[in-house]
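**Student:** Quick one: structure below, then a few questions.
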Amino acid sequence: MTSRAPRGRTFGTSVVDLQTHQVLDLLADRTTDTSAAWMATHPEIELVSRDRGGDYAAAARKAVPQATQTADRCHLAKNLTEAAALTLARCREAMRKQSEAASRRAVPQEARKALTASKKAFSLPTWKPTPDAYAERARLSRRAQRYDR
């Protein structure tokens, strides 16, 4: 496995029994060969919970092909978060339009007229000065990021 560690840092592998939560071994690196060698000495392995990298998957396929592979909880949550973010980003505009349409339907005509009248009495320019262009761009950028989330 190729490690993308910053200069001067070395990553290893911790092998944990997920039923007992006990650390079984610490391996010196993250290479496929090292992981496969350790797994080959433990043919009783039935389930491999791993990160999303392909190197651990290759090690498990090579050393314990009978084992079922799954992503660990952290990476399952990360997968779900990324998939939800992509899905919501794709339909953000449609959701916004739907929300606006629903809010327009929810406000009765009389209340809408009252709101329009009150907007004239308390206009935004008299209540709050217009922000400069930089601040407005920053605000809109944060708003878009919030809506994307």
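**Student:** Kindly establish whether Leu76 is exposed (fewer than 12 other Cβ atoms within 10 Å of the Cβ) and in a helix (DSSP H, G or I).
**Tutor:** Working: exposed (fewer than 12 other Cβ atoms within 10 Å of the Cβ): no; in a helix (DSSP H, G or I): yes.
In short, no.
**Student:** Ok, one more. Here are some residues: Asp51, Asp148. Which one is acidic (Asp, Glu), touching an Asp or Glu at 6+ places or on another chain (Cβ under 7 Å) and at pLDDT 80 or above? Show your work before the answer.
**Tutor:** Values: Asp148 fails: touching an Asp or Glu at 6+ places or on another chain (Cβ under 7 Å).
Sole residue among the options that is acidic (Asp, Glu), touching an Asp or Glu at 6+ places or on another chain (Cβ under 7 Å) and at pLDDT 80 or above: Asp51.
**Student:** Also: Just to be sure before I move on: is Asp72 farther than 28 Å from Arg143 by Cα and at pLDDT below 90 in the structure I sent? Walk me through how you get there before you give the answer.
**Tutor:** Details: farther than 28 Å from Arg143 by Cα: yes; at pLDDT below 90: yes.
Considered against the rule, which asks whether it is farther than 28 Å from Arg143 by Cα and at pLDDT below 90, Asp72 comes out as yes.
**Student:** While we're looking at this one, here's another question. Residues that are polar (S, T, N, Q), part of a helix (DSSP H, G or I) and touching a residue at least 12 places away in the same chain (Cβ under 8 Å): does segment 40-56 have at least one? Let's see the steps before the verdict.
**Tutor:** Applying the first criterion (polar (S, T, N, Q)) to segment 40-56 yields 41, 49.
In the following step, the residues that additionally are part of a helix (DSSP H, G or I) were identified as none.
No, there is no match, as no residue in segment 40-56 is polar (S, T, N, Q), part of a helix (DSSP H, G or I) and touching a residue at least 12 places away in the same chain (Cβ under 8 Å).
The values are calculated or read from the model by the stated rules, or taken from the named source; none is laboratory data. Everything numeric here is computed off the predicted structure, so don't read it as measured data. Here Cβ is always computed from backbone atoms with ideal geometry, including for glycine, and neighbour counts include all displayed protein chains.
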